[in-house]
Amino acid sequence: FSPISLPAYLQMLEQLQVPADYIWLIGYLFKEVLAAEGNHLVTHDIEKVLGRKAKDFSEYVRDTAATGVWTPRVAETT
């Protein structure tokens with residue numbers, strides 16, 4: 001791991017010819033969203049929104065896999 005500043009990272013993306021709107025979005029996310037004060041705090045907002053406790057990710061995977069949504073059927077041709 002080598003730390004890199006956000007300006008240096010954005011400049012590298014420009015040199016790699018990443019589209020300007022992607023570079024802007026990455027810069028925005030790192031400056032305004034990820035670095036926002038209070039983002040490190042754990043909240044119970046998901047419980048307020050859902051009206052129930054959040055599921056553990058492994059529970060979500062188990063329940064969703066059981067529905068078959070991740071194993072779509074392929075139509076047979078005859």
Q) Plugging the Kirkwood radius over Cα pairs into Stokes-Einstein for the chain, at a temperature of 37 °C and a viscosity of 0.692 mPa s, what D comes out in µm²/s? A) 190 µm²/s
Q | Dipole moment magnitude, nearest 20 debye, the chain about Cα centre, only Lys, Arg, Asp, Glu C-beta charged | A | 240 debye
Q: Please give the length that would be gained between I46 and T77 if that part of the chain were fully extended, namely 0.36 nm times their separation in residues minus their C-alpha to C-alpha distance (nm, one decimal).
A: 6.7 nm
Q: Treat each spin label as a single point 7 Å out from the Cα along the C-beta direction, and report the D21 to F1 distance in nm.
A: 3.3 nm
Q) What ranking do 65-74, 22-31 get when scored by the average of other Cβ atoms within 10 Å per residue, highest first? A) 22-31, 65-74
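Every read-out reported here was derived from the displayed coordinates using simple, explicitly stated rules and does not represent laboratory data. Remember, predicted model here, so these are calculated numbers, not experimental data. FYI the Cβ positions are ideal-geometry reconstructions off the backbone, even for glycines, and counts take in every protein chain you see.
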